[in-house]
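Enquirer: Would you mind keeping the following structure in view while I ask a few things?
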Amino acid sequence: MATLTDEEKECRTLWRYIEKRFAKGVVEYGLIEDGDKILIGLSGGKDSLALLELLAKRARIFKPSFSVVAVHVVMRNIPYQSDVDYLRSFSEGHGVKFIVYETEFDASTDSRKSPCFLCSWNRRKALFTVAKSEECNKIALGHHMDDILETLLMNVTCQGTFSTMPPKLVMNKFDMTIIRPMCLVHEDDIIALARLQGYKKQVKNCPYETDSNRSVIKGILKQIEAMNPEARYSMWGSMSNVQEELLPKKVGGR
């Protein structure tokens with residue numbers, strides 16, 4: 001038996017830990033059921049590559065029995081230089097069917113919405129279109145625990161709502177369910193995995209992209225964790241431990 005290098009040992013240990021967090025999220029939030037056909041939104045970033053690898057390996061487990069297919073959405077009017085050949089090879093190398101779907105949007109048609117919103121909305125629309133054509137009942141997105149906690153902070157501070165991106169969102173209107181199987185996986189672990197696994201980084205050159213509130217919130221989350229290393233778990237637990245009797249309540253309709 002060949003002796004593993006220190007890097008191989010590190011990768012194996014990290015992978016087992018990520019799989020454990022991944023499996024916990026899948027089970028606790030009931031994300032995958034027998035007979036599911038899941039569409040993976042494969043942007044080509046570290047998160048979606050990790051998601052594909054995790055789901056592909058999970059699909060080889062006997063129960064629950066489910067299948068996966070991956071789609072890479074190309075926005076023709078955004079110079080996002082994704083390596084489609086690499087993404088196809090990566091997907092098919094894990095036994096996952098790979099689809100490329102091209103679309104575009106005109107930012108001048110709706111001045112009330114930002115180009116980022118229009119791009120995101122059209123990408124999401126593309127995912128639903130492909131999911132329907134492939135007879136998928138679920139769409140898996142690569143959001144991790146940090147994304148969800150950052151969204152919670154953004155919604156509280158910028159929108160005045162106590163809400164975030166849930167691990168599971170049933171959209172009855174579209175007969176589709178959005179799942180985020182990496183909801184309990186830490187971003188730092190995915191960054192380390194991408195380095196050890198050698199994920200190829202895609203080149204993004206968006207003319208609309210600027211420093212966003214999310215990058216500021218990401219820094220704030222890091223500061224909170226520096227103050228309390230267990231802060232993310234407290235924040236996560238708070239979403240299922242809302243004590244309404246200790247929150248402000250308006251009297252009547254005032």
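Enquirer: Hey, among GLU209, GLU187, GLU225, which residue is modelled with pLDDT of 90 or more, charged (D, E, K, R) and over 16 Å from the mean Cα position of the chain (by Cα)? If you could, list the steps in order and put the result at the bottom.
Expert: Details: GLU209 fails: modelled with pLDDT of 90 or more; GLU187 fails: over 16 Å from the mean Cα position of the chain (by Cα).
Of GLU209, GLU187, GLU225, the one residue that is modelled with pLDDT of 90 or more, charged (D, E, K, R) and over 16 Å from the mean Cα position of the chain (by Cα) is GLU225.
Enquirer: Name the single residue that is surrounded by the fewest Cβ atoms within 10 Å (Cβ to Cβ) among those in the stretch 146-178 being more than 28 Å from VAL216 (Cβ to Cβ) and of a type in the set (A, V, I, L, M).
Expert: Taking the candidates together, the pick is MET171.
Enquirer: So, of the residues in the stretch 220-254 that are in a loop (DSSP other than H, G, I, E, B) and β-branched (Val, Ile, Thr), which turns out to be surrounded by the fewest Cβ atoms within 10 Å (Cβ to Cβ)? Working first, answer last.
Expert: Let us first name the residues in the stretch 220-254 that are in a loop (DSSP other than H, G, I, E, B), namely 228-230, 239-243, 247-254.
Narrowing further to those that are β-branched (Val, Ile, Thr): 242, 251.
Numbers: VAL242: 10, VAL251: 5.
Going through the qualifying residues, I end up with VAL251.
Enquirer: Modelled with pLDDT of 95 or more, in contact with a Gly (Cβ under 6 Å, 6 or more places away or on another chain) and not in a loop (DSSP other than H, G, I, E, B), is that true of LEU51? Write out each step before concluding.
Expert: On the way: modelled with pLDDT of 95 or more: yes; in contact with a Gly (Cβ under 6 Å, 6 or more places away or on another chain): yes; not in a loop (DSSP other than H, G, I, E, B): yes.
Yes: the conditions hold for LEU51.
Enquirer: Identify the residue in the stretch 74-100 that is polar (S, T, N, Q) and over 20 Å from the mean Cα position of the chain (by Cα) and, among all such residues, is farthest from GLY44 (Cα to Cα). Before the answer, list the steps.
Expert: Initial filter on the stretch 74-100 (polar (S, T, N, Q)): 77, 81-82, 89, 91.
Retained after the next criterion (residues that are over 20 Å from the mean Cα position of the chain (by Cα)): 77, 81, 89.
Details: ASN77: 18, GLN81: 10, SER89: 12 Å.
Among those that are polar (S, T, N, Q) and over 20 Å from the mean Cα position of the chain (by Cα), it is ASN77.
Enquirer: Residues of the stretch 103-145 being β-branched (Val, Ile, Thr) and either crowded, with 21+ Cβ neighbours inside 10 Å or under 20 Å from the mean Cα position of the chain (by Cα) (or both), which ones?
Expert: First, pick out the residues of the stretch 103-145 that are β-branched (Val, Ile, Thr): 103, 109, 129-130, 139.
Hits for the stretch 103-145 are THR129, VAL130, ILE139.
Enquirer: Within the stretch 77-117, how many residues are out of contact with any helix residue (DSSP H, G or I) (no Cβ under 6 Å at 6 or more places or on another chain) and in a helix (DSSP H, G or I)?
Expert: The total comes to 14.
Enquirer: Any chance the stretch 53-60 includes a residue that's loosely packed, with under 15 Cβ neighbours inside 10 Å and closer than 30 Å to TYR233 by Cα?
Expert: Taking the stretch 53-60 first, the residues loosely packed, with under 15 Cβ neighbours inside 10 Å are 57, 60.
Filter once more, keeping what is closer than 30 Å to TYR233 by Cα: 57.
Within the stretch 53-60, one or more residues are loosely packed, with under 15 Cβ neighbours inside 10 Å and closer than 30 Å to TYR233 by Cα.
Enquirer: Quick one: which residue in THR129, THR164 is outside any loop (DSSP other than H, G, I, E, B), modelled with pLDDT of 95 or more and of a type in the set (S, T, N, Q)?
Expert: Numbers: THR164 fails: outside any loop (DSSP other than H, G, I, E, B).
None of the other options fit; the residue is THR129.
The values are calculated or read from the model by the stated rules, or taken from the named source; none is laboratory data. Since the structure is predicted, the reported quantities are computational estimates derived from the model, not experimental observations. We place every Cβ from the backbone using ideal geometry, glycine too, and count neighbours over all the protein chains shown.
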